[in-house]
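Single-structure report; data block below.
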Amino acid sequence: PSESGSPKSNLPVKKRRRRKRRSRAIALIRSYQKGDWNRASGELRKSIPSLGVSLAVHAIILLILGWFVIRNQDDSFSPLELGWSTVVDSNEDEPPQDTPQPIVIPSVSMNRNPESARTALPEEKTPEQPQEQQGQPGLKLGDVSNALRLRKQKPNRENGDGTGAKKGAGREAIENALKWIAKQQEADGRWRLNGNYADAGTIETDTGATALALLAFLGDGHTHRSGDYQTEVQKGLDWLQKIQRENGDFFDILEQGREAHFYSHSQATIVFCEALALTGDDSLRLPAERAVRFLEESQNPLLGGWKYRPLNDDGIGDLSVTGWALMALHSARMADIEVELNTFFVAERFLNSVQEQPSTAAYYKYRPDFPIAESQRHPMTAEGLLCRQWLGWPKNHPPLSHGVKFLLAEKNLPEWKPRRRNVYAWYYTAQVLHNLGGEDWRNWFGTVLPLMVTAQQKAGRDKGSWHPMRPEGAFLERSHDAGRLYLTVMCVLILETPYRHVPLYEEE
């Protein structure tokens, strides 16, 4: 109690006011219950000011909320975008007004409204954009039933340098390289990137090394059933099959998230699919099918890409890994192994997400959430365009033509010079151009072939191979850490391009 003796004098003002209002309300109720109308009316009059203030405040709040609701019914309102999230229209079946209807099968697009997820362009000058944008062609997987035909015809392999000569320089370079690769095989059948040879790499994956070596042999038509390297190919297949896990994974290291994981698995999957398609050896079908199923299950089921580990629907893939995975699935179709159609649909969605701009499909970047990088534009555009060819782009599709124009630009022409050599970009460029054929392909291949032949080691222990650091290649080529075996195989695969696969547009 206070000095005045009042126990209420120390109560906070708000509490005293609440008690006073409560007492008045109780008195009002009791007056009505007793029928004392005069007293009830008096109590009601005392409550009118506070009641009026309360009603006015609530009315103002309701007016403000109503204004927000009416304002936000405008069609231009869009949610806040974070990272590379996109706005999805309520009517998924209606394409943007300025985009023609797609043909055959509607393609799956990440961005129904291209302006809602535009990536900021770098300061570097971007390539010339197509003057007229067209809708994406629909998914239309080509006929691959006869894709390996040229490997089975030895006379065609004799013309491996594309000159028509029976024993051209390109043919000799391939034969010398395959001899060197065969000598690097371990006793148990595997190859190693960091093996016992000069300038070995530092990347650890015997699966990747073995698969690459076998791709070089298979690319020239040598299998475990025919050719000059039957023993080497058989031992390599046996080693890969022995290490394959129950879930179909070929990768030789248990640790999750290794950079080499899905490169290596995809390459091994291509090996088994090509060997099966070339020989019809049914003992290879089960490991090939299990490897394909593992790829399907490891794809991001919503966004469509692949990365260094199996992805959930929130995992972000990259185009470098995704290109190898799609090549494996493309090879599976050559071996008559069924691939879920939805796998290709969501892969197309991923390709849409790594276009440099949503408004053009001519140029590509490494990841959808990464900014555009000048250093990556060449290899990623080559890889992206090849993936688009596999998924059904027609030969005369404008973005394909514009992308090819960029690949053939003077700054991207092959040069065996320091930090200019880039066999990774050339590997994809060669396939894109070979599929199209014509003068562009012949001129480009006529440029790259003598560069490789001249740079190949001509004598000594490593005759037939290529030195990974003489000169130092472009950083994204990866020869500096993948080493001599990797660079040698990549050069061989490029030299084998004229007959590794029948051109996709051969009928056209």
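The values are calculated or read from the model by the stated rules, or taken from the named source; none is laboratory data. Note that the coordinates shown come from a computational prediction; the quantities given were computed from them, not determined experimentally. Every residue, glycine among them, receives a Cβ derived from its backbone with ideal geometry; neighbour counts consider all protein chains shown. The accessibility values were calculated without ligands, DNA or RNA, using every heavy atom of the protein model including side chains. Shrake-Rupley method; radii C 1.70, N 1.55, O 1.52, S 1.80 Å.
A few points about this structure:
- Surface per residue (accessible, 1.4 Å probe) for region 260-334, Å²: 26
- DSSP-loop trypsin sites (Lys or Arg not before Pro) across region 443-472, with at most 12 other Cβ within 10 angstrom: K458, R461
- On full extension, the segment bounded by R309 and K183 gains 42.1 nm, given 0.36 nm per residue less the C-alpha separation.
- Note that region 247-393, at 37 °C in a medium of 0.692 mPa s, gets a Stokes-Einstein diffusion coefficient of 214 µm²/s from its Kirkwood radius over C-alpha pairs.
- Per-q log10 I(q)/I(0), region 306-364, q = 0.13, 0.17, 0.30 Å⁻¹ (Debye; single scatterer per alpha-carbon; no solvent): -0.38, -0.63, -1.29
- Greater than 18 Å apart at Cα, pairs in K183/K242; K152/K179; K183/K458: K183/K242; K152/K179
- The Kirkwood radius of region 364-508, taken over pairs of alpha-carbon atoms, gives through the Stokes-Einstein law at 10 °C and 1.306 mPa s a diffusion coefficient of 100 µm² s⁻¹.
- For I243 and K395, the difference between the fully extended length at 0.36 nm per residue and the C-alpha to C-alpha distance is 50.7 nm.
- Atom-type composition of the exposed protein surface of region 356-508 places 53 percent of the accessible area on carbon and sulfur (1.4 angstrom probe).
- Looking at region 316-385, the GluC sites (Glu not before Pro) that sit in a DSSP loop and have at most 16 other Cβ atoms within 10 Å of their own Cβ are E338, E340.
- Based on protein heavy atoms only, region 354-508 ends up with 35 Å² per residue of surface accessible to a 1.4 Å probe.
- Paramagnetic label reach from L254 (point 7 Å along Cα→Cβ; backbone nitrogen cut-off under 13 Å): within region 188-220, no residues.
- Alpha-carbon centroid distance for the pair region 424-481 / region 298-342, whole angstrom: 27
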